[in-house]
Amino acid sequence: MTRVAAGGRAIETVFLDAGGVLVHPNWVRVAAALRAHGVAADAAVLAAAEPRAKHEMDAGALMTRTNDSQRGWIYFDAVLRHAGMAATDATARALADVRTYHDAHNVWEHVPDDVVPALTALRDLDVRLVVVSNANGRLHAMFDRVGLTPHVDVILDSHDWGVEKPDPRLFHLALAESDASAATTIHVGDFFHIDVAGARAAGLADAVLFDSARLYDQADCPRIHRICEIVPLVAARNAARV
């Protein structure tokens with residue numbers, strides 16, 4: 001784990017990406033959709049392939065020429081490829097079924113066991129928790145459904161605001177909605193060119209990369225590998241400011 005950059009004021013607000021940080025794709029559901037179309041698929045294999053697919057996608061050129069909706073399906077194709085599965089008509093039909101579910105419910109609905117304890121521990125540090133996510137208009141309903149809404153203070157779904165990360169305007173909206181200051185706010189996200197670049201452009205105190213598979217050794221930002229690691233990072237930063 002890398003510490004947040006030294007200097008500055010105590011952290012009062014933590015912005016958190018939703019997908020890839022607090023919630024993850026329901027790979028059991030995705031694998032079932034593939035099998036329904038005759039494609040052999042294993043949820044664990046898909047989950048293991050995901051970090052490599054995301055790392056491959058995390059290039060500035062791709063991020064600047066696509067929107068979140070487009071990237072979502074580039075992402076699923078990349079996951080299948082990294083899982084050793086060829087793109088076929090059957091995989092396309094299966095992913096179409098996944099997209100139909102996602103449009104109605106949001107398929108990023110798996111909550112790892114350490115998420116709620118981490119959010120609880122952050123609140124115990126007396127920081128505001130603000131979800132700042134590129135999403136599809138179903139984020140609030142999905143957070144209600146999976147039980148995360150009571151554990152955060154504010155939720156911003158980019159679909160509702162008409163602007164997406166890395167555009168700094170979404171971060172500025174989140175600051176206004178949470179009555180937070182950029183100088184005392186950090187952001188945690190899983191894409192360097194969306195989350196880290198966007199938070200920096202918005203002038204936040206720091207940006208932390210959620211790097212679950214340790215693929216970003218050259219990244220010039222703090223990294224965590226599990227969501228629970230943000231807790232001691234914030235605690236250490238704030239203890240140093242006392």
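Across the accessible surface of the chain, with the other protein chains kept in place and a 1.4 Å probe, carbon and sulfur atoms take up 53 percent. Between helix 115-124 and the chain there is an angle of about 10 degrees, using the helix long axis and the longest principal axis of the Cα atoms. So what does log10 I(q)/I(0) come out to for segment 138-197 at q = 0.23 Å⁻¹, using the Debye formula with one equal point on every Cα and no solvent? Per q value, in the given order, log10 I(q)/I(0) is -1.13.
How high is the relative contact order of the chain, given as a whole-number percent (alpha carbon pairs under 8 Å, six or more residues apart)? This gives 29 percent for the chain.
Accessible area ranking (1.4 Å probe, heavy atoms, ligands and nucleic acids excluded), largest first, for LEU139, LEU125: LEU125, LEU139.
Helix 27-36 and the longest principal axis of the C-alpha atoms of the chain enclose an angle of approximately 10°.
Per residue, the accessible area of the chain comes to 43 Å² when a 1.4 Å probe rolls over the protein heavy atoms. The long axis of helix 168-178 is offset from the longest Cα principal axis of the chain by roughly 60 degrees.
For PHE143, the solvent-accessible surface with a 1.4 Å probe is about 0 Å², rounded to the nearest 10. Here ILE186 sits with roughly 0 square angstrom of accessible surface, probe radius 1.4 Å. For ARG145, ARG71, the ranking by accessible surface with the largest value first comes to ARG145, ARG71, using a 1.4 Å probe.
What the Cα convex hull of the chain gives, in volume per residue, is 113 Å³. Expressed to the nearest 5 percent, the antiparallel share of DSSP beta bridges inside the chain is 10 percent. Taking amide H as placed 1.01 Å from N in the peptide plane, ILE224 has its amide H under 5 Å from the amide H of LEU209, PHE210, ASP211, each at least 5 places away in sequence or on another chain. Projecting the Cα atoms of THR185, LEU173, LEU209 onto the charge dipole of segment 141-214, computed from C-beta unit charges around the Cα centre, puts LEU209 farthest toward the positive end.
Coupling constants for segment 72-89 follow from the phi torsions by the Karplus curve (6.51 cos²θ - 1.76 cosθ + 1.60, θ = phi - 60°), and in residue order they are x, 8, 4, 4, 5, 4, 5, 4, 4, 5, 5, 8, x, 10, 6, 6, 9, 4 Hz; glycine and proline get x.
The values are calculated or read from the model by the stated rules, or taken from the named source; none is laboratory data. In this text the structure is predicted, and so the values were computed from the model without any measurement. We place every Cβ from the backbone using ideal geometry, glycine too, and count neighbours over all the protein chains shown. Ligands, DNA and RNA are excluded from the accessible area calculation, which covers all protein heavy atoms including side chains. Shrake-Rupley method; radii C 1.70, N 1.55, O 1.52, S 1.80 Å.
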